[in-house]
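Let me begin by presenting the structure, written as structure tokens, before commenting on it.
A short reminder: the numbers here are calculations on the coordinates, not readings from a lab. These numbers come from a predicted model, not from an experiment. Neighbour counts run over all protein chains shown; Cβ positions are idealised from the backbone, glycine included.
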Amino acid sequence: MVGINPTGLDWKRFVVAVNDSGQVIACGQIKPHGVDIRELASIAVQPEYRGQGLARAVIEALLSQTPRPVYLMCIAHNGPMYEKFGFRAIEGDQMPKYFKRIRKLFDLAVAFRKTEENLLVMKLE
């Protein structure tokens, strides 16, 4: 599937959308980090199916069955899409340790590559 981080994949946690041929065309998961930390992750839609509301449907299905709070990480330009679901950007002092570590690693990689990308950590109450 295009655009999925390969770490922490467990297909039992996924919601998928399939086409008439049974091929997976969109997916997402809720990834647990310990007991009370849940991450919306691995949201991806095959390019030829984008713009049809599949990501929205996958996200809504996942959130409908998940207790709050839910966290996510995304590149800053994707933040507005997740704000539509009620997610809000949070800063370091509000982040669980897992997300603080990932953000530090991301910031180091960005500094090394000299790019302008920013990682958002967002939370849905």
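Fully extending the segment from D36 to T66 would add 9.7 nm, taking 0.36 nm per residue of separation and subtracting the current Cα-Cα distance. Per-residue 3J(HN,Hα) values for the stretch 45-59, derived from phi via the Karplus relation 6.51 cos²θ - 1.76 cosθ + 1.60 with θ = phi - 60°, read 9, 4, x, 6, 10, 5, x, 10, x, 5, 4, 4, 5, 5, 4 Hz in sequence order (x marks Gly and Pro). Helix 97-113 and the long axis of the chain differ in direction by around 80°, with both axes built from C-alpha atoms.
The ranking of S42, S21 by Cβ neighbour count inside 10 Å, starting from the fewest, reads S21, S42.
Within a straight-line Cα-Cα reach of under 29 Å, K104 can be paired with the following lysines, leaving aside sequence neighbours fewer than 8 residues apart in one chain: K31, K84, K114, K123.
Charged side chains reduced to their Cβ positions (Lys and Arg at +1, Asp and Glu at -1) give the stretch 68-125 a dipole of some 220 debye around its Cα centre. Given the choices (i) 1.31; (ii) 1.13; (iii) 0.96, Rg/Rh (Cα atoms, Kirkwood Rh) derived from the coordinates of this structure is entry (iii). Within the shell of other residues whose beta carbon sits under 14 angstrom from the beta carbon of D107, the net charge comes to +3, with Lys and Arg scored +1 and Asp and Glu -1.
Work out, step by step, the length gained on full extension between R113 and D93: first 0.36 nm times the residue separation, then minus their alpha carbon distance; give nm to one decimal.
Between R113 and D93, full extension yields 4.6 nm more.
Compared with the alpha-carbon gap, the fully stretched path from E83 to A57 is longer by 7.8 nm at 0.36 nm per residue. Using the Cβ of I90 as centre and a radius below 12 Å, the other residues enclosed give a net charge of +1, where K and R count +1 and D and E count -1.
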